[in-house]
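Okay, so here's the structure we're looking at.
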Amino acid sequence: MKILFKPLLLCISVLTLISCKQEKKADATKYLLLDSRIIEECSNVRLEVGTVKKHPANPLFEEEKEWEMRFDNLYGNVIFDEEEKIYKCWYCPFIVDSSSTGMSLQERNRRYRSPENREMAICYATSSDGISWDKPELGLVEYNGSKQNNIIWRGPHGAGIFKDLHEHDLSKRYKVIFQGMAVAFSADGIHWSDKIKVKGVSVAGDTHNNAFWAPTLDKYVGITRTWGKGHGREVARIESDDFINWTREEVVLHGSDSERQTYAMPVFYYGGVYLGLVAIYEDSSDRVWTELTWSPDTKIWHRIDAGSPLIPCSDIELDYDYGCVYPCAYPVFTKEEIQLYYGGSDWLHFGWRNGCLALASLRPDGFAGYTQEDNTQAGSITTTALAYNGEKVCITADVEKGGSVLVTVLDEQGEILTVAKAHENTITDGRLVFDNKIKAESIHLKIEIDKAKVYSFSL
């Protein structure tokens, strides 16, 4: 099968996030092959999502405190704070609700009804290793006559919290956006300013609301939710220069119909693209899993391998993530892996369920990659013209036994400039060794794969 892509850009230069491991050059450019703008031609390949590994320590923490009545979707926000060298998690349990703890499957089959005085809060947890978590007694908020808890704010629903390294005002270093479309600021992520109501936005935002600084736009972008006729839940987008004044919402993603709806979508920038972890709600099964999307600008979104979960639900009834998998914002990137935290539920979305924080991981750059459609013949991916400034060329791929990845460098006319020594083992940012020096300012790469899956390359 041969697929032709009409490139949107002939030459792309993007912000460096990770350089070739061997060279550690600050000016190396990372390209994710899931970005169709850099793909000129493909033959006998398909793009599919990566394979996660769920951590054996899952669930990492559960509804263990008296105020953690129900996690439901958790609405977690996880960062590794480089300044403090610690993992931080803000999550949103229902602190006034009916608990499912100890219920049998038979008991859970009766209809769940939330109490009229149902209330959500923001709680805080920390970890030195991302696996074992501590819920500190902060002494800030009263619950049942005591402040010995880790609650930092009662009331906000679906809070998205992040540490804004772009912000120069240290009193606003941490930012939050939540249901009812309100924002607030904090110097430490624990003590918060009064909420500021967002004007001009009409959505309720009854989901995991998220916001981030978009480096290619020089703006803050907010991702929330609205409802559409025939589609059910839809992902909506807002933007702001100052995190206070926002544009009116616009729908940017929805399912093909009401059977599989887009529930929430944490977004982050990586490898020159914006990636979205979209929670898909399936109406017929009442379950939720996480799929992958990408965008060049946060406005136009492309589903990757739609229908195939990036983080799937368990197949075992009452397992910690059998019913629901809601992605946290945001991934944590280490040299060894990409850590995807998520809120898991052991039963159905509208049912009696117990929740937890869980962890799935991907290999570096492993969000999505190209693999062969027909294993009896090699597949190939040819890039558009890319700016080349003499840096080393590195590639990231999984290679099965007996497989290989072969990279050929072409000039603007498609003539061969040089061929790299084939890689026959799995590599991460592996440097390519060519038979002669590349003498060109603009090149195409032709990547041929046999029993392999290729994710990215760096120039």
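The values are calculated or read from the model by the stated rules, or taken from the named source; none is laboratory data. As the structure is a computational prediction, the values presented were derived from the model and not from experiment. As a convention, Cβ positions derive from the backbone with ideal geometry for all residues, glycine included, and neighbour counts pool all protein chains shown.
Here are the criteria: (1) touching a strand residue (DSSP E or B) at 6+ places or on another chain (Cβ under 9 Å); (2) within 30 Å of K335 (Cβ to Cβ). Tell me which single one N44 does not satisfy.
(2)
For the stretch 51-67, which positions are over 19 Å from the mean Cα position of the chain (by Cα) and of a type in the set (K, R)?
K65
I'd like the full set of residues that are in contact with a His (Cβ under 8 Å, 6 or more places away or on another chain), without any contact (Cβ under 8 Å) to a residue 40 or more places away in the chain and part of a strand (DSSP E or B), limited to the stretch 374-419.
Residues satisfying the conditions are V409, L410.
Please specify each residue of the stretch 300-326 satisfying the condition of being free of Cβ contacts under 8 Å to residues at least 60 places away in the same chain, more than 19 Å from F71 (Cα to Cα) and among the hydrophobic types (A, V, I, L, M, F, W, C).
Within the stretch 300-326, I300, A306, I316 qualify.
Identify, from the list W294, W289, the residue that is within 11 Å of the chain's Cα centre (by Cα), part of a strand (DSSP E or B) and buried (at least 20 other Cβ atoms within 10 Å of the Cβ).
Details: W289 fails: within 11 Å of the chain's Cα centre (by Cα).
Unique residue meeting the criteria: W294.
Condition first: part of a strand (DSSP E or B) and not acidic (D, E). Now tell me which residues in the stretch 425-444 satisfy that.
Initially, the stretch 425-444 is screened for residues part of a strand (DSSP E or B), giving 427-431, 434, 442-444.
Matches in the stretch 425-444: I427, T428, G430, R431, F434, S442, I443, H444.
Taking the stretch 223-249, which residues are of a type outside the set (A, V, I, L, M, F, W, C), without any contact (Cβ under 8 Å) to a residue 40 or more places away in the chain, under 28 Å from R287 (Cα atoms) and in a strand (DSSP E or B)?
R225, T226, G228, E234
Please state which one of R233, R237, R248 is touching an Asp or Glu at 6+ places or on another chain (Cβ under 8 Å) and among the basic types (K, R).
Exactly one residue qualifies, and that residue is R237.
Being under 25 Å from the mean Cα position of the chain (by Cα), in contact (Cβ under 8 Å) with a residue 60 or more places away in the chain and assigned to a loop (DSSP other than H, G, I, E, B) is the requirement here; does D365 meet it? Walk me through how you get there before you give the answer.
Details: under 25 Å from the mean Cα position of the chain (by Cα): yes; in contact (Cβ under 8 Å) with a residue 60 or more places away in the chain: yes; assigned to a loop (DSSP other than H, G, I, E, B): yes.
Taking the combined requirement at face value, the residue satisfies it.
So, of the residues in the stretch 27-79 that are at pLDDT 95 or above and among the small types (G, A, S), which turns out to be nearest to E137 (Cα to Cα)?
Within the stretch 27-79, the first condition is being at pLDDT 95 or above, and the residues that meet it are 30-79.
Now narrow it down to the ones that are among the small types (G, A, S): 36, 43, 50, 57, 76.
Working: S36: 48, S43: 57, G50: 38, A57: 24, G76: 19 Å.
The residue in question is G76.
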